[in-house]
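The values are calculated or read from the model by the stated rules, or taken from the named source; none is laboratory data. Here the structure is a predicted model, which is why all the values come from computation and not from measurement. Here the Cβ is made from the backbone with ideal geometry for all residues, glycine too, and neighbour counts use every protein chain on show. Calculation scope for accessible area: heavy atoms of the full protein, side chains included, ligands and nucleic acids excluded. Shrake-Rupley method; radii C 1.70, N 1.55, O 1.52, S 1.80 Å.
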Amino acid sequence: MSSGVETELALDAAVVLSLGMNRVLGGAAGLAASGAGALAALAAARGEERSAALAEAERHYEAVREVIDRNARIAALAESAAGEPLPDPLDPAGRPVEELTRWCAATDTALAGAERRISARMAADLAASIFTAPPATQATVSPAASPPPDEHRTAELARILSRLSPDTAPTDLPPVTEAAARLSAATTAGEAEGLLTEVRLRVQAANRETARRREAARLEAAEREAKAQAEAERRYVLDTITTAFEEMGYQVDTGFETVTAQDGEVVLTHGGWADHGVRMRVEDAESPTATATLRASVLRTRPARDEDDRRLDAEREREWCDAFEAARERLAAAGVHSEVTWQIDPGVRELPVTPQARQTRPQTKQQERHREHDR
């Protein structure tokens, strides 16, 4: 080990899944049972059981995500349902995978039928309103030129309009209705067919815009989700590091909760150290394979005065080396794996001096953290 060290940190897949499950469930249920099982198997180092628990956690997580996606579809469709019965949303917390999967299959069938009925009703209402509208509201149509309604033409228009997506935005409808309104003034079959073709093209354009809007919303949601997951993983790493060192008797200066305010850097001190501390910094990952980079080094709170101070420096560095190795074991037990990528051996360099290094976290905050960790 060393007095100065750089370490790459990576979360175990079971921890990632458990954090994701906890996040999508709103944190109310704590770790999902399947995720907790994977972590328990991990801690006991049972290879086959761990793999099985992890696979079950993945299956459970995906099932929960599918339920959440369908709940979002139900909420979006409710805005245009206008009385059309829709499935009730489902709270996935505490439900087994099999129940979630059955609900998703049944909901897909129900939503598909509801979407068809909503689109058909919207199309029929729109077609009927176009052919029964007063002449003054029909685009470019004079009273004298308006022929009587044509039932076949109305039915064909309704069929074309039924292809509109049920969640078409109101702003995308005017081009469609404008083209459809001109159909009521058509005096020949050829003119009517040409106008119906125009309506088809505008319906296709509206649907493309709806698809584009859906994809943009999906990408935005995915980006929000990725950021939320990254933040959950980051906080887990910081909290695990803080807990590990506090349990070994170190005090963490203000804690990692405020690392952004301190440019990601905190100072660890120890009750038995009058003139020393450890500067620690946790940086976000630069690649998808690593969660974070931990950098730490021993420092002095006042300059060394003589050889006795320098011998004490080496002693404190060796103490820190032992503590860091013990902390790595604690992190590994919590699913945070570490790999040392750079180090400086004790006694090789003169320790830097940081007079401001001191412990500022109230003792009561540390006690609260220990109580939460023990539960």
Meets criteria (closer than 30 Å to Arg295 by Cβ and open to solvent by less than 60 Å² (accessible area, probe 1.4 Å)) for Ala205: no
Selected residue [of a type in the set (Val, Ile, Thr) and modelled with pLDDT under 90] from Val141, Val67: Val141
Selection status of Arg182, part of a helix (DSSP H, G or I), at pLDDT 95 or above and of a type in the set (Lys, Arg): no
Residue, nearest to Pro96 (Cα to Cα), within the range 20-49, restricted to residues that are buried (at least 21 other Cβ atoms within 10 Å of the Cβ) and modelled with pLDDT of 60 or more: Met21
Residues within the range 76-134 that are touching a Ser or Thr at 6+ places or on another chain (Cβ under 6 Å) and not in a helix (DSSP H, G or I), tallied: 1
Condition check for Val237: within 30 Å of Glu315 (Cβ to Cβ) and either among the aromatic types (Phe, Trp, Tyr) or within 28 Å of the chain's Cα centre (by Cα) (or both): yes
The one condition in (1) farther than 19 Å from Gly277 by Cβ; (2) at pLDDT 90 or above that Glu325 fails to fulfil: (1)
One residue from Val259, Val266, Val282 being at pLDDT below 75 and open to solvent by less than 60 Å² (accessible area, probe 1.4 Å): Val259
Looking only at the range 185-202, and only at residues there that are part of a loop (DSSP other than H, G, I, E, B) and of a type in the set (S, T, N, Q), the one that is surrounded by the most Cβ atoms within 10 Å (Cβ to Cβ): Thr187
In the range 172-184, the residues that are open to solvent by 50 Å² or more (accessible area, probe 1.4 Å) and without any contact (Cβ under 8 Å) to a residue 24 or more places away in the chain: Pro174
